[in-house]
């Protein structure tokens, strides 16, 4: 298990107005460490999760508040929380000196994977996940559950600069909708967003052309069978700030929107490969050209090993 100290997320570079929204401490759960003031955890009904604070030097005591679920103190700054049996979003707040320094964890209790019926979940078409020997290829295991998305919760922040609705599958349907997101993908998106801003390219968030895809939709668009999108671990991104028109910005100021603009983001990300602090985020990286149906974009994922491609 790879453990990262939150200080590894601190980047250096030229001054920029972008605020990464980090707390003065980090929280660890599973193999993830997040330093962000808002972050998300995805669990199943009644699942237990251990939450541990990694404080800055000299800070010894943190408070935790959980309005729902069962919370048990294991040791100083370490707790075990059991999720409620009902799906939904539950909030845990961790703070130091109350309002001076705090972190909000939005914990999504998912609908278990096996509640599908013939590839449908409450009328929403999921489709069939490909069968594979998961013991041999664990990254291709079907998701444990699905986040239920409604009009009421789709604007919930899953991290400081990304909302639930940015990851919705593009297939047509009403609500509820269902998605899968990996926490590691959120960390990678925030990390890259900060790096891009440090390099001088203003971005308050990334426009996510494609986040989660159901296997059904993935088949419809002719994508590869084992796309990381169907596992909640991939995002196709571009910067869309000026103007906000669902199209990549002219990042190199040459008067055109083309693959050269995607190449800027691609090169920034690829330049981090091989650095010890980037090992946690290693995955796929692809660059795509403009077509009649979409602008240029960059694909990222958290598959756990290096893969590169470009068009």
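Coordinate-derived values only; no laboratory data. Keep in mind the model is a prediction, meaning the values are calculated, not measured. Note that each Cβ is placed from the backbone with ideal geometry, even for glycine, and that neighbours are counted across all protein chains shown.
Simple spin-label estimate for residue 226 and residue 128 gives 1.8 nm between the two label positions (7 Å along the Cα-to-Cβ direction from each Cα). Distance between the 7 Å Cα→Cβ label points at residue 139 and residue 279: 1.7 nm. Scattering from region 177-240 was approximated by placing one identical point on each alpha carbon and applying the Debye formula without solvent; log10 I(q)/I(0) at 0.27 1/Å stands at -1.12.
Estimated at 0.36 nm per residue, the fully extended path between residue 67 and residue 50 surpasses their Cα-Cα distance by 4.5 nm. Springs between Cα atoms under 10 Å define the GNM used for the chain, and in it the highest mean-square fluctuation of 26, 83, 66 occurs at 66. GNM on the chain, alpha-carbon springs under 10 angstrom: the most fluctuating residue among 282, 164, 293 is 293. Stretching the chain fully between residue 118 and residue 270 yields a gain of 50.7 nm (0.36 nm per residue, less the alpha carbon separation).
Tell me whether region 55-203 comes out rounded, prolate or oblate; compute the Cα gyration tensor, take square roots of the eigenvalues as a ≥ b ≥ c, and use a/c under 1.5 as the rounded threshold. It comes out prolate by the Cα gyration axes.
Across the chain, the relative contact order, built from alpha-carbon pairs under 8 Å that are at least six residues apart, equals 14 percent. Full extension of the chain between residue 17 and residue 86 yields a length gain of 20.8 nm, computed as 0.36 nm times the residue separation minus the alpha carbon distance.
Among 291, 205, 104, the residue with the largest mean-square fluctuation in a Gaussian network model of the chain, with springs joining Cα atoms closer than 10 Å, is 291. For the chain, rounded, prolate or oblate, judged on the Cα gyration tensor with a ≥ b ≥ c (square roots of eigenvalues), a/c < 1.5 rounded, else prolate if a/b > b/c? Verdict is oblate for the chain. Label sites at residue 171 and residue 307, each approximated as a point 7 angstrom past Cα along Cα to Cβ, lie 2.1 nm apart. Between the beta carbons of residue 150 and residue 258, assuming R0 = 41 Å, the FRET efficiency works out to 0.60 to the nearest 0.05.
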